[in-house]
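Down below is the structure, laid out as structure tokens.
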Amino acid sequence: MDAKRVKIGRDILFAARNELYMAMPYLDAALCSLRFEPSGDTTLSLATDGETLYYDGQFLAERYLRGSAAVNRAYLHVILHCMLRHLAKKRGHDGALWDLACDVAVESILDALAYPCLGTAAAPERQRLYNACRAERRVLTAEGIYRHLLRERLSEYELARLQRQFLQDDHGLWDRDGERERSRRQDERWKSLSGRTQTAMETVLAGKAEGGEAVLEQVRVSARDDVDYRAFLRRFAAPREVPAVDGDAFDYIYYTYGLSHYGNMPLVEPPETREERRIEQLVIAVDTSLSTSGEPVREFLRSTYAILRSTETFTRRLDIHIIQCDDQVRSDVAIRSMDELEAYMNAFTLCGGSATDFRPVFEHVAAAQARGELTELRGLIYFTDGMGVYPRKRPPYDVAFVLTEEPPPSFQTPPWAIRLVPELTERASRAAADWDEPLDAMPEL
């Protein structure tokens with residue numbers, strides 16, 4: 001190994017780190033969280049496992065000759081991968097598409113940062129891809145870009161062309177087999193660092209974080225805890241007796257004692273019912289305004305449909321109201337059985353397309369309760385982008401606003417409302433795996 005090239009590469013990385021820190025002090029902890037090691041046979045560029053940054057001295061020297069901005073971008077590119085927890089999330093995705101989606105997400109941040117140390121603005125071809133992804137989601141997360149690329153069904157040539165546009169580092173060390181526990185620890189460490197960065201940008205260094213809105217948006221998403229949508233739905237459940245043997249409440253000692261001493265006569269019989277938390281009534285409201293109509297609504301309904309198929313979540317008697325509303329209630333369909341639910345999903349069409357006003361749904365539900373309907377309602381789930389007119393008074397049941405994406409920093413939901421930003425497509429896949437049919441067998445919407 002050429003000792004001179006190793007030293008030159010290390011000096012270049014230190015210089016890049018210092019220049020980035022002077023421009024973006026809110027990234028101080030993250031910028032200093034990787035130790036530098038020469039790559040050897042590991043990579044011909046830059047690579048990280050979340051703990052060490054492996055570098056090739058010749059690669060860095062050639063980039064530095066083109067200008068320090070090229071090295072600064074590459075260094076920050078690697079750091080952002082770690083901060084956004086791309087390394088541990090690779091598992092379960094198509095490797096090539098996930099790598100590209102992560103590179104696009106990181107480069108979209110770099111192209112949005114107005115700092116001279118990062119060079120010029122995005123090329124038109126890169127900007128076209130950003131715009132196409134933003135048409136589906138406001139925040140360009142790796143998960144959202146990955147789904148966009150899946151839908152595009154890229155040819156090998158198109159995939160290679162995009163990879164050349166966004167490639168900066170080597171992802172070969174990400175989430176390797178046999179190192180799952182180490183990857184988990186690294187992911188927890190970077191989650192903590194992302195949280196510290198978010199806090200710094202929002203408080204102490206708020207005045208010095210100008211131009212870093214793109215970083216803050218993505219960090220908010222990455223630091224967010226994963227949401228189990230099935231468990232979330234169960235918070236609207238109430239205790240109910242169901243016909244089943246309750247093993248926890250049955251004492252097998254007295255049962256076997258009676259059998260052995262009194263001639264096949266047990267002293268106690270197994271209980272025929274047990275208490276479980278089940279949902280009896282639920283209102284699902286869908287914002288069908290122009291800002292949310294289309295594929296996001298269908299993703300949400302696919303996810304919810306898969307969970308509603310679970311017999312452990314609902315009682316045998318269903319009472320689900322699916323309401324479509326923009327600035328007025330457009331449709332209210334009552335579902336009484338799983339067959340009706342499946343028929344509704346097969347024939348589902350969106351109604352509306354105007355502005356967003358949440359109040360008509362709550363007024364509609366209040367009128368139904370006044371008529372003696374929905375007397376057991378414990379929760380209402382409202383799927384929306386969150387931008388609309390909220391009711392001022394808290395209703396007599398829990399309300400959750402399931403948002404299409406992470407909202408901007410200025411966004412505020414009412415204090416009585418639950419705010420949820422799940423990755424619905426992944427949750428649908430997991431929910432569908434819990435019952436025997438694959439997700440592909442679900443009805444097309």
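Throughout, read-outs are computed from the coordinates displayed, never taken from laboratory work. From a predicted model like this one, the values you see are computed outputs, not experimental measurements. Methodologically, a virtual Cβ is constructed for each residue, glycine included, from the backbone with ideal geometry; neighbour enumeration extends over all protein chains shown.
Descriptive notes on the structure:
- Stokes-Einstein diffusion coefficient of region 3-223, Kirkwood radius over Cα pairs, 37 °C, 0.692 mPa s, in µm²/s: 186
- Neighbour counts of other Cβ atoms within 10 Å put His81, His86, His148, His93 in the fewest-to-most order His93, His148, His81, His86.
- Residue-span extension gain [Thr199 to Ala3] - 0.36 nm each, minus C-alpha spacing: 66.5 nm
- Dipole of region 3-223 [Lys/Arg +1, Asp/Glu -1 at C-beta], most positive-end residue of Ser183, Leu149, Val71: Ser183
- Simple label model, 7 Å out from Cα along Cβ direction - Leu150 to Asp327, nm: 3.6
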